[in-house]
Amino acid sequence: MKNKDIDILEYKKKLKQHLLDICPTVVPDELKILIDKFTLKKFKKNELLIEAGTYSNKLFFIGRGIVRVFYFKEDKEITNALVKENEIIAGAYSIFTGEKSFNNYETLEASITLYIEYSELEKLYNKFHSLERLGRLLVQKYYATYIKKTHDVLFLSAEERYANFIRNHVELINRVSLRFIASYLGVAQETLSRLRSK
């Protein structure tokens, strides 16, 4: 068996577990059909999965690595998501509206992903009820994460946001540049340095 075949089996196993965590009642045979549709794609460090101003209809499962989602505001990069292993990411705005993406999706490490075209997902949703339910739960999870992040930036202090980050993403501290973490938390890098020193 080739290394690439071993890789894809390993990451498809992780994807399967991730999807079962979201929807334990999904029909096993239907889940297998879905997972078989995913394709392995490797990215180098600092490579774009999706570029702002382009349309993307792909959904990615991050098997290894980290993806930073960011946009530019007055020549400043604003990080609005950090997505790590065993998480799913998609250019949701493009997929749901047919419009171009506002955001860049960039790898911070050499990364291994599994991806599927959203059109393929829709075909499976139309064919299998349990996969349609899985899709709905995926969107709910994605949206809930977005709402929580928006709430935290608007209503929590910098100290509370940092405490949440440490509680939920401590493994990223040594893998992600402090300037990206500061941007994600909506604080100046100097503020983050002060919070870390406490």
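The values are calculated or read from the model by the stated rules, or taken from the named source; none is laboratory data. Since the model is a prediction, treat every value here as computed from it, not as a measurement. Note: ideal-geometry Cβ built from the backbone for every residue, glycine included; neighbour counts use all protein chains shown. To get the accessible areas, we keep the full protein, side chains included, count just its heavy atoms, and leave off ligands, DNA and RNA. Shrake-Rupley method; radii C 1.70, N 1.55, O 1.52, S 1.80 Å.
Condition first: in a strand (DSSP E or B), under 26 Å from G98 (Cα atoms) and open to solvent by less than 50 Å² (accessible area, probe 1.4 Å). Now tell me which residues in segment 57-78 satisfy that.
Our first condition is that a residue be in a strand (DSSP E or B); within segment 57-78, this holds for 58-64, 67-73, 76-78.
Then keep just the ones that are under 26 Å from G98 (Cα atoms); that gives 58-62, 67-73, 77-78.
Of everything in segment 57-78, those that are in a strand (DSSP E or B), under 26 Å from G98 (Cα atoms) and open to solvent by less than 50 Å² (accessible area, probe 1.4 Å) turn out to be L59, F60, F61, I62, V67, R68, V69, F70, I78.
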Criterion: modelled with pLDDT under 95 and under 27 Å from E171 (Cβ atoms) - qualifying residue of L9, L15, L48: L9
Where I95 falls short, out of the listed (1) touching a helix residue (DSSP H, G or I) at 6+ places or on another chain (Cβ under 6 Å); (2) at pLDDT 95 or above: (2)
Yes/no for E30 being in contact (Cβ under 8 Å) with a residue 24 or more places away in the chain, of a type in the set (D, E, K, R) and open to solvent by 40 Å² or more (accessible area, probe 1.4 Å): no
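Go over the candidates S101, S130, S157 one by one and state the one that is open to solvent by less than 70 Å² (accessible area, probe 1.4 Å) and either aromatic (F, W, Y) or in contact with a strand residue (DSSP E or B) (Cβ under 8 Å, 6 or more places away or on another chain) (or both). Spell out how you get there, then give the answer.
Numbers: S130 fails: either aromatic (F, W, Y) or in contact with a strand residue (DSSP E or B) (Cβ under 8 Å, 6 or more places away or on another chain) (or both); S157 fails: either aromatic (F, W, Y) or in contact with a strand residue (DSSP E or B) (Cβ under 8 Å, 6 or more places away or on another chain) (or both).
Selected residue: S101, the only one of S101, S130, S157 that is open to solvent by less than 70 Å² (accessible area, probe 1.4 Å) and either aromatic (F, W, Y) or in contact with a strand residue (DSSP E or B) (Cβ under 8 Å, 6 or more places away or on another chain) (or both).
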